Amino acid sequence: MTSANKASIVILISGRGSNMKSIVEAIKTGSLDTNVAAVISNRPDAAGLDYAKQENIPTAVIDHKQFASRELFDQAMAKEIDSYTPNLVVLAGFMRILTTEFVEHFAGKLINIHPALLPKFKGLNTHQRAIDAGEKEHGASVHIVTPELDDGPVVLQARVPVLDDDTADTLAARVLEQEHSLYPRAIAQLITENK
Ligand code: GAR
């Protein structure tokens, strides 16, 4: 694609935003050919917003606490995202459960990174649950979002060993390092497939 019609993405975050940062860095180093149209957070204090601003990426906050219902929050979020007409909507540590209406509105264009080897360990506390289950291998998955939580088709996975002395924190750090190369690769693959 030429720069005029380059695929664009909107990234949704809730906190630290290290995955969002790894995507922006992959674009800067030339390994990912896309444009980040906006970074949107549901939390005004999300640390990742500062990085996006530093990089001159448009940012927006849609604070879920300002909405009477999940439906109204998701409608406001969808309207904001639509204003950027992205090719992909990238959930990067976005910690809100999404309504079916929202997911269907972005069907096939909405992706998520989950810190486990799906279909294992959907939901929260994935690293501790992997240790408690005696897993020898753990990792992260990029998947297409469908209405069921952490359930859509897997695009790419990265695997790490679980070590005998791992805590949830040491395992999370090992997985996160992999997430940072996995997500840009998965986005590049989807953009190429959708050309
Ligand atoms: C990442 O480990 C991501 O996989 C996880 O939250 C972290 C966000 O970190 N996502 C989920 O648990 C989604 N249910 P980041 O804000 O530094 O990218």
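The values are calculated or read from the model by the stated rules, or taken from the named source; none is laboratory data. Just so it is clear, the model here is predicted, and its values are computed rather than measured. Neighbour counts are summed over all protein chains in view; Cβ atoms, including those assigned to glycine, are modelled from backbone coordinates with ideal geometry. Please note that ligands, DNA and RNA were not included when accessible areas were found on the heavy atoms of the full protein model with its side chains. Shrake-Rupley method; radii C 1.70, N 1.55, O 1.52, S 1.80 Å.
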Looking at this structure, is residue 39 modelled with pLDDT of 95 or more, in contact with a Leu (Cβ under 8 Å, 6 or more places away or on another chain) and of a type outside the set (Phe, Trp, Tyr)? yes
Within the range 134-148, residues being over 15 Å from residue 92 (Cα atoms), open to solvent by less than 60 Å² (accessible area, probe 1.4 Å) and in contact with a strand residue (DSSP E or B) (Cβ under 8 Å, 6 or more places away or on another chain) number 2
Return the residues of the range 149-171 that are open to solvent by 30 Å² or more (accessible area, probe 1.4 Å) and either part of a helix (DSSP H, G or I) or in contact with a Ser or Thr (Cβ under 9 Å, 6 or more places away or on another chain) (or both); say none if nothing qualifies. 153, 154, 156, 157, 163, 169, 170
Of these, 150, 132, which one is at pLDDT 95 or above and within 30 Å of residue 24 (Cβ to Cβ)? 150
